[in-house]
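Only the coordinates and a few stated rules stand behind these numbers; no lab work does. Fair warning: this is a prediction, and the values are worked out from it, not measured in the lab. Ideal geometry is used to build each Cβ from the backbone, glycine not excepted, and the neighbour counts take in all protein chains shown.
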Amino acid sequence: MKRNKSQRGKIRFRGIPKGKPHDWFFKIIMGEPDMAKKLILHFTPGYISKEVSLNHLELAPTGHTGSWFDSSFSDVIYKTRLKKGRATHVLFLFKHKSYIPRFPVQMQLLEYMTHLWKQDTRQNKPFSHVVPIIFYHGKQAWMEKDLADFFDELPPTWKHLVLDFQYILVDLNTISEEEILQKSEAGDLRAFLLTLKFAKNLNELSQRLPILTTLSWDDKKIETPSTRVLRQSIVNYIGELVVMNRMSVSN
């Protein structure tokens, strides 16, 4: 059966994968291009958003790199192009983290980028631009460190020999509820961010359920497929968190 245009480029799951409710919620909502566009506009520096064409955002498959990234459930990739010059690919890599990773996050990002650039080389294309965005809402504080900081007793004069690059961090622990609510022109974004911000505290989250339902409407208070997906996903997500909480208490 053929899918119509409105169905293409969407992430769909039949159910919440066991033990991965945070990843599921993040990926199902970020599968909506309009949500990705709002996140880019609100949480990336202006010098990035003004250079890319956000009207051409297109959800890209995560399985095109031929690496461990193929099975990385929590990642979402959007491709677009620069506003000026040649049609150079720009990829926004949204990497979701609900806990502190064991290994430097730069290792995961670098492996993805090198696989992508190898593919570009095979196809005789210029390297694609990659904008890595780490989206974090874990309990522990996120510590931003350079790759050089993970080496033991690295001579200071060697630091420039260590490959390094920056990523954009959206840490919900450092963004207050008031700051989120001030984004008045993006109600669905506020609902998404607040749900994840309080996901580790079910009492706080349940108290905000009425406002989350209200915010999940379209900015013009019009019912759309995206708002239905958001509201239903919030309900399913919270329901799964409640089940997991009960199971952990009983054990």
> Taking the simple approach of a point 7 Å from Cα along Cα-to-Cβ for both residue 120 and residue 152, what is their distance in nm?
Replying inline: 3.6
>> Could you give each residue of the stretch 177-182 its phi-based ³J(HN,Hα) in whole Hz, using Karplus coefficients 6.51, -1.76, 1.60 with θ = phi - 60°, and x for Gly or Pro?
In response: 4, 5, 4, 5, 5, 6
> Amide H of residue 216: which non-local residues (sequence gap of 5 or more, or other chain) have their own amide H closer than 5 Å, using H built in the peptide plane?
Replying inline: none
> How much length is gained if the chain between residue 141 and residue 82 is pulled fully straight, taking 0.36 nm per residue apart and subtracting their Cα-Cα distance, in nm to one decimal?
Replying inline: 17.8 nm
> How many nm separate the modelled label positions at residue 208 and residue 161, each set 7 Å beyond the Cα in the direction of the Cβ?
Replying inline: 4.8
> Fully extended, how many nm does the chain gain between residue 235 and residue 53 (0.36 nm per residue separation, minus their Cα-Cα distance)?
Replying inline: 62.2 nm
> Taking amide hydrogens as modeled 1.01 Å from N in the peptide plane, which residues meet the under 5 Å criterion relative to residue 89, leaving out close sequence neighbours?
Replying inline: 129
> Amide H to amide H under 5 Å from residue 60: which residues, 5+ apart in sequence or cross-chain, H placed 1.01 Å off N in plane?
Replying inline: 77, 78, 79
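Mind checking the dipole of the stretch 128-238: about its Cα centre, +1 per Lys or Arg Cβ, -1 per Asp or Glu Cβ, Debye to the nearest 20? Write down the numbers at each step before the final one.
On the way: 12 positive and 16 negative charges, 118 e Å.
Dipole magnitude for the stretch 128-238 comes out near 560 debye.
Express in nm, to one decimal, how much length is gained between residue 184 and residue 224 on full extension, taking 0.36 nm for each residue of separation and deducting their alpha carbon distance.
12.6 nm
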> Given 41, 15, 25, which one lies farthest toward the positive end of the charge dipole of the stretch 10-59, if we put +1 on the Cβ of every Lys and Arg and -1 on the Cβ of every Asp and Glu?
Replying inline: 15
> If you take the Cα Rg of the stretch 137-251 and divide it by 2.2 N^0.38 Å, with N the number of residues, what do you get?
Replying inline: 1.46
